[in-house]
Amino acid sequence: MKNLNKITRIIMKVLEITHWVAAAIMTVIVICSVAVPQHLRNFIDRCPFENESEITAYGFEVTMFDTDGKLNMMTLFLFGIGAVVIYSLMAMIFRNLYLILKKSEGATPFQKCNVRMLTEIGIFSVSVPLAGLFMSTVLRLVLGVNSVETSISCDGFIMGIIVLCLTQFFVRGAELEKDVDGLL
């Protein structure tokens, strides 16, 4: 069990760092789409997308090319902002998972800080599809309802609700543990 916990912590840390890197890359793309749009357009034109016209970040999906096949820089800019938020939220989820595993090693998982971090995981999970919905709305308002095709997955919302419900069991476990410690 100890080795499994260590492996899981390593995986959580790698996933956290990967998501921070993805957020940083998307930040660079957002800046480039405003500062040097032609260079970014040339770079993307050279990349083999294999007829892929959609870009996605955890269920927030946007078509990045116009009907005439040209890269829409405003779409890329707005998607990038949403992707930075989404990747940052996911990085925080993996960070909290890592910290929960680390703090629970050799101790009880029913600690006040673990309950707080588990609650944050639920909030972050719910926030991922909400960020996608918000940015989808912004895209439609800025570019026009018929000018952009977006898609949103609500899986994170459902998972966040489940985590928030499970958090209540950890709250109760922490209370019971405190009561037991008071009796001893």
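The values are calculated or read from the model by the stated rules, or taken from the named source; none is laboratory data. Since we're looking at a predicted model, the values are computed, not measured. We place every Cβ from the backbone using ideal geometry, glycine too, and count neighbours over all the protein chains shown. Keep in mind that these areas ignore ligands, DNA and RNA; they rest on the heavy atoms of the full protein, side chains included. Shrake-Rupley method; radii C 1.70, N 1.55, O 1.52, S 1.80 Å.
List of remarks:
- When F77, F94 are checked against the criterion of being within 15 Å of the chain's Cα centre (by Cα), part of a helix (DSSP H, G or I) and on the phi < 0 side of the Ramachandran plot, a single residue qualifies: F94.
- Condition broken by I55, with the remaining ones in (1) exposed (fewer than 13 other Cβ atoms within 10 Å of the Cβ); (2) outside any helix (DSSP H, G or I) satisfied: (1)
- Sole exception among (1) part of a helix (DSSP H, G or I); (2) touching an Asp or Glu at 6+ places or on another chain (Cβ under 9 Å) for T108, by number: (1)
Table: residues versus (1) closer than 20 Å to C165 by Cα; (2) of a type outside the set (K, R).
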{"position": "A91", "(1), (2)": "no, yes"}
{"position": "L101", "(1), (2)": "yes, yes"}
{"position": "E105", "(1), (2)": "no, yes"}
{"position": "R116", "(1), (2)": "yes, no"}
{"position": "E120", "(1), (2)": "yes, yes"}
{"position": "I123", "(1), (2)": "yes, yes"}
{"position": "P129", "(1), (2)": "yes, yes"}
{"position": "L133", "(1), (2)": "no, yes"}
{"position": "V138", "(1), (2)": "no, yes"}
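- You will find that of I123, I100, the residue that is among the aliphatic types (A, V, I, L, M), outside any strand (DSSP E or B) and either out of contact with any helix residue (DSSP H, G or I) (no Cβ under 8 Å at 6 or more places or on another chain) or open to solvent by 50 Å² or more (accessible area, probe 1.4 Å) (or both) is I123 and no other.
- Test: residue in region 100-111 that is touching a strand residue (DSSP E or B) at 6+ places or on another chain (Cβ under 8 Å) and either within 18 Å of L15 (Cα to Cα) or among the hydroxyl-bearing types (S, T, Y) (or both): no
- Tally of residues being buried (at least 16 other Cβ atoms within 10 Å of the Cβ) and among the polar types (S, T, N, Q) across region 103-120: 3
- Any chance I17 is loosely packed, with under 15 Cβ neighbours inside 10 Å, within 18 Å of the chain's Cα centre (by Cα) and not in a loop (DSSP other than H, G, I, E, B): yes
- Checked against (1) surrounded by 17 or more Cβ atoms within 10 Å (Cβ to Cβ); (2) free of Cβ contacts under 8 Å to residues at least 12 places away in the same chain; (3) in contact with a Cys (Cβ under 9 Å, 6 or more places away or on another chain), F43 passes all but a single condition, namely (1).
- Sole residue being surrounded by 20 or more Cβ atoms within 10 Å (Cβ to Cβ) and without any contact (Cβ under 8 Å) to a residue 60 or more places away in the chain, chosen from G144, G69, G132, G82: G82
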